[in-house]
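Engineer: Below is a structure I'd like to ask you about.
The values are calculated or read from the model by the stated rules, or taken from the named source; none is laboratory data. What you see is a predicted model; the values in this text were computed from it and never measured. Here the Cβ positions follow ideal geometry from the backbone for every residue, glycine too, while neighbour counts run over all protein chains shown. Ligands, DNA and RNA are stripped out before the accessible areas are found, and what is left, the full protein with its side chains, is counted by its heavy atoms. Shrake-Rupley method; radii C 1.70, N 1.55, O 1.52, S 1.80 Å.
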Amino acid sequence: MARPEKIRLGDLLVQQDVITEEQLKIALEEQKKSGRKLGRVLVEAGYATEEGIARALARQLGAEYIDLKVFQPKPELVKLLPEAQARRFRALVIDEKNGLLRVGMSDPTDLAAFDEIARIVKRDIDLAVVAEGQLLPLLDRVYRRTEEISSLAKDLTQEMGDIPLEFGALLGITPGAEDAPVVKLLQTVFEEAVKTRASDIHIEPQEKSLVIRFRIDGALHIQTEADAKIATALVLRLKLMSGLDISEKRLPQDGRFNIKLRGNSVDVRISTMPTQYGESVVMRLLAQNTGLLQLDKLAMPPRVLERFRHAIARPSGIVLVTGPTGSGKTTTLYAALNELNKPDVKIITVEDPVEYRLPGLNQVQVHEKIDLTFARVLRTALRQDPDIILVGEMRDQETAEIGMRAAMTGHLVLSTLHTNDALSTPIRLLDMGVPRYMVALSIQLVLAQRLVRVICPNCSEPYQPEPFEREWLKYELGERIDQFKYAKGRGCAHCANTGYQGRQAVYEFLEMTNALVEAANHGDPTEFMRIGRQQMAGHTLRRDAVRLVVNGRTTIEEAMRVSTQLDE
């Protein structure tokens, strides 16, 4: 198509019955006051949607509207328009047709931008219209900064050469240090990690290289490989940022620091560990501005949510959330605390480390080096007249016993335990040496959970199960297996070609009924397991994973992975 002509957006939308004359009048008044674009004012007022406006513009200009939710960009074409210009002009190179580059723009009426893009790509371009709300997240994904990170790592390697950097410059504490390669490299790594929704950054020295990996939706992805020489510079800088001992390289260290990226505050937990080729560093990223989840937002099945809420509403007893590391236990417990946190309730948490900061709580960080242990803090906490106590983890017999005594003497105790499923949790406590009567009388409910990856909604497509997957499904669904439709993500730019985007928990719970209490008191694990299985029949973690499969939320492969973990 030729260069677009200037058009008046408001008149166009009225002509196409997207908005009314009255709505346009109100929006124009608001635009004069705020100075914002008319399209943004209309969307925020609820008069129109971004997609509706984009489709109307496309019809008027005789251009094609591109739905970026299902678009798979080609990296070699995308890079023809540099990231800075793509963000400035709200544009993306879509594809190539008949010798023309098709460029999607969220504001196709910006004639100066159209001309500048044509000049930059040095090609004739064909205009397409896209919705800004779809474009901006896609720009974050397609303009990955892998090459920039690799380039900064090379700059740092060249600057170091065979001679160590001047100490102040290495740590970024001399004037102009913000321009030092080590600082710029780390800044870029953190920005890319946040942009890709990474939960962890792994910096791992190998014999001949340094590998930087991101954990996204539970899976590790290599971000870049650099010269092994820069490992020392990165670790020293990170230790300084987190207040660790920069002279100690033989022992593991833990710390934390806070950084601001694009206006967002991110809490970083850092762990260093000496390995054969240097110190390995893992950093957990916790965004502080995302807000705590509400219990309603955790996507618990209604039956699970009802019983969990009933348990945490009791004035005393212990509620345990179990699962492996990284299964979302702390998120669930803090969602519960968020609901229980009221002016007339005193809540004390004992954690290692404190992962979330919630106003109104008294949060204590355990510090083993100065003998500030779970057990010691917990004893003191009981003298602080709390109503609710959160114990980060039942790590040993002493901590478990103090927590259970508190639960038996009028306190509600929330805690976690590393067990495979809900049913084995009371048995695990008995194996730790906790008296049988404490386990029987203090536990109200055990909630077990796992995280499964969710199919990317932008590339989800029908899937026909393999024979071995059908056999596995038959165990849970029986003859109903063919009544459901199954899905799988083919991989796209929105999900980094993994087919998954985000994670969701699956749950099961065990309530300590009178029959279970009696079985636990009599010390008969076989009878306890039998009664527990009867209670949980049809409501296991495996069954909840299958529920997500038949609802099109996750794949059979993911559900089977969770089941394999349970069987280990």
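Engineer: N264 versus (1) at positive phi; (2) in contact (Cβ under 8 Å) with a residue 12 or more places away in the chain: which is the lone unmet condition?
Structural biologist: Answer for N264: the failing condition is (1).
Engineer: Among all residue pairs at least 6 apart or on different chains, which show Cβ distances below 9 Å where the first residue, located in segment 320-337, is farther than 16 Å from Q504 by Cβ and at pLDDT below 90 and the second is among the aromatic types (F, W, Y) and surrounded by fewer than 24 Cβ atoms within 10 Å (Cβ to Cβ)?
Structural biologist: T330/Y356
Engineer: Would you please name the residue that is surrounded by the most Cβ atoms within 10 Å (Cβ to Cβ), looking only at residues in segment 22-51 that are of a type in the set (A, V, I, L, M, F, W, C) and assigned to a helix (DSSP H, G or I)?
Structural biologist: From segment 22-51, those of a type in the set (A, V, I, L, M, F, W, C) are 24, 26-28, 38, 41-43, 45, 48; that's our starting set.
Imposing the further condition that a residue be assigned to a helix (DSSP H, G or I) reduces the set to 24, 26-28, 38, 41-43.
On the way: L24: 19, I26: 16, A27: 24, L28: 13, L38: 17, V41: 22, L42: 27, V43: 20.
Looking at the filtered set, the residue picked out is L42.
Engineer: Just the residues that are open to solvent by 80 Å² or more (accessible area, probe 1.4 Å) and at pLDDT below 90, please, taken from segment 540-568.
Structural biologist: Within segment 540-568, R561, D567, E568 meet the criteria.
Engineer: Okay, moving on. Of everything in segment 530-539, what is open to solvent by less than 50 Å² (accessible area, probe 1.4 Å) and in contact (Cβ under 8 Å) with a residue 60 or more places away in the chain? Give them in sequence order.
Structural biologist: G532, M536
Engineer: Return yes when D254 is outside any helix (DSSP H, G or I), in contact with a Ser or Thr (Cβ under 6 Å, 6 or more places away or on another chain), of a type in the set (D, E, K, R) and at pLDDT 85 or above and no when it is not.
Structural biologist: Values: outside any helix (DSSP H, G or I): yes; in contact with a Ser or Thr (Cβ under 6 Å, 6 or more places away or on another chain): yes; of a type in the set (D, E, K, R): yes; at pLDDT 85 or above: yes.
Criteria met by D254.
Engineer: Take A311 and decide whether it is of a type in the set (G, A, S), touching a strand residue (DSSP E or B) at 6+ places or on another chain (Cβ under 7 Å), loosely packed, with under 15 Cβ neighbours inside 10 Å and under 27 Å from A336 (Cα atoms). Outline the logic, then answer.
Structural biologist: Numbers: of a type in the set (G, A, S): yes; touching a strand residue (DSSP E or B) at 6+ places or on another chain (Cβ under 7 Å): yes; loosely packed, with under 15 Cβ neighbours inside 10 Å: no; under 27 Å from A336 (Cα atoms): yes.
No; evaluated as a whole, the condition is false for this residue.
Engineer: Taking the conditions exactly as written (closer than 22 Å to I427 by Cβ, aliphatic (A, V, I, L, M) and either out of contact with any His (no Cβ under 7 Å at 6 or more places or on another chain) or open to solvent by less than 80 Å² (accessible area, probe 1.4 Å) (or both)), does A381 satisfy them or not? First the steps, then the outcome.
Structural biologist: Values: closer than 22 Å to I427 by Cβ: no; aliphatic (A, V, I, L, M): yes; either out of contact with any His (no Cβ under 7 Å at 6 or more places or on another chain) or open to solvent by less than 80 Å² (accessible area, probe 1.4 Å) (or both): yes.
It is false that A381 is closer than 22 Å to I427 by Cβ, aliphatic (A, V, I, L, M) and either out of contact with any His (no Cβ under 7 Å at 6 or more places or on another chain) or open to solvent by less than 80 Å² (accessible area, probe 1.4 Å) (or both).
Engineer: Select from segment 331-350 the residues that are of a type outside the set (K, R), surrounded by fewer than 20 Cβ atoms within 10 Å (Cβ to Cβ) and out of contact with any helix residue (DSSP H, G or I) (no Cβ under 7 Å at 6 or more places or on another chain) and list them in ascending order.
Structural biologist: Selection gives T331, N338, N341, P343, D344, V345.
Engineer: Which one of L451, L417, L430, L441 is surrounded by fewer than 23 Cβ atoms within 10 Å (Cβ to Cβ) and touching a Leu at 6+ places or on another chain (Cβ under 7 Å)? Spell out the reasoning first.
Structural biologist: Values: L451 fails: touching a Leu at 6+ places or on another chain (Cβ under 7 Å); L430 fails: touching a Leu at 6+ places or on another chain (Cβ under 7 Å); L441 fails: touching a Leu at 6+ places or on another chain (Cβ under 7 Å).
Residue meeting the stated conditions: L417.
Engineer: Just name the residue that is nearest to the chain's Cα centre (by Cα) out of those in segment 329-358 that are among the basic types (K, R) and more than 20 Å from M300 (Cβ to Cβ). Step through it out loud before you land on a result.
Structural biologist: Our first condition is that a residue be among the basic types (K, R); within segment 329-358, this holds for 329, 342, 346, 357.
Now narrow it down to the ones that are more than 20 Å from M300 (Cβ to Cβ): 342, 346, 357.
Working: K342: 27, K346: 30, R357: 17 Å.
Within segment 329-358, the match that is nearest to the chain's Cα centre (by Cα) is R357.
Engineer: What number of residues within segment 216-235 satisfy the criterion of being open to solvent by less than 70 Å² (accessible area, probe 1.4 Å), farther than 16 Å from Y277 by Cβ and assigned to a strand (DSSP E or B)?
Structural biologist: Of the residues in segment 216-235, 6 are open to solvent by less than 70 Å² (accessible area, probe 1.4 Å), farther than 16 Å from Y277 by Cβ and assigned to a strand (DSSP E or B).
Engineer: So N420 passes all but one of these: (1) at pLDDT 90 or above; (2) within 23 Å of the chain's Cα centre (by Cα). Which condition number does it fail?
Structural biologist: N420 satisfies all of (1) at pLDDT 90 or above; (2) within 23 Å of the chain's Cα centre (by Cα) except (1).
Engineer: What do you reckon, is L238 aliphatic (A, V, I, L, M) and either under 30 Å from S563 (Cα atoms) or exposed (fewer than 15 other Cβ atoms within 10 Å of the Cβ) (or both)? Break it down stepwise before answering.
Structural biologist: Numbers: aliphatic (A, V, I, L, M): yes; either under 30 Å from S563 (Cα atoms) or exposed (fewer than 15 other Cβ atoms within 10 Å of the Cβ) (or both): no.
Answer is no for this residue.
Engineer: Of the conditions (1) more than 30 Å from V321 (Cα to Cα); (2) at pLDDT 90 or above; (3) outside any strand (DSSP E or B); (4) open to solvent by 60 Å² or more (accessible area, probe 1.4 Å), N497 fails just one. Which one is it?
Structural biologist: (2)
Engineer: For segment 421-446, give me each residue that is touching a residue at least 40 places away in the same chain (Cβ under 8 Å) and of a type in the set (S, T, N, Q).
Structural biologist: Across segment 421-446, the qualifying residues are T425, S442, Q444.
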